[in-house]
Amino acid sequence: MLQRIYAHRIVLGDFMITHYKWFKKGFRGPVPEDELGPMKYTPLPTWKTDVWFLDAKRVFCRYAGEAVWEDWVENGTMIAKGIMSWMTADNAQEMVRQEIHMYTHHRRRVNDNPNYGWLRNSYHSLTQQIARLDPVYYALVVAARREEQIEFTHSKSRNC
């Protein structure tokens, strides 16, 4: 390895970018993989659409009940009982295991160093991630947003 570095000492900058895993990040130039952080794949572009048709009251009444809608309008808060009762089912632990497997699959080793068991691409606990996949929870949160944004993210976006 040292012989190859010595042979390319004149164009060491290009050589360091080509073989970036051999060098510490602070000594080599930036490479496109640096933007990924702990993620293995580049995120897809965000989905945009017009949401003028969104009727918040209708969504609330359908999934949570009219009393929850009235409480939301009056107090700006809600307790929608029973919308995530599926999380107490017998297969919930298996779903958590599958979630861990998914994060492990999409995590990359940065400069071939071990990650020491951390799921650095999991920004929230697994229970939160699973809960936020619930379509009823999503519909209620989007309907509750005054600015009518359908994008539902809880972490900083690299595409903004």
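The values are calculated or read from the model by the stated rules, or taken from the named source; none is laboratory data. These numbers were taken from a predicted model, which means no experiment stands behind them. Neighbour counts are summed over all protein chains in view; Cβ atoms, including those assigned to glycine, are modelled from backbone coordinates with ideal geometry. Keep in mind that these areas ignore ligands, DNA and RNA; they rest on the heavy atoms of the full protein, side chains included. Shrake-Rupley method; radii C 1.70, N 1.55, O 1.52, S 1.80 Å.
Key figures
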read-out	value
Two-site label geometry, N113 and I10: point separation in nm, points 7 Å out along Cα→Cβ	3.4 nm
Residues T42 and T18, FRET efficiency given R0 of 30 Å [Cβ-Cβ distance, rounded to 0.05]	0.90
For segment 3-43: accessible area per residue (Å², 1.4 Å)	78 Å²
Virtual spin-label span in nm between D34 and Q93, 7 Å along Cα→Cβ	4.5 nm
Estimated inter-spin distance, I79 and A67, nm [label 7 Å along Cα→Cβ]	1.0 nm
V31, V141, reordered so the largest accessible area comes first (probe 1.4 Å)	V141, V31
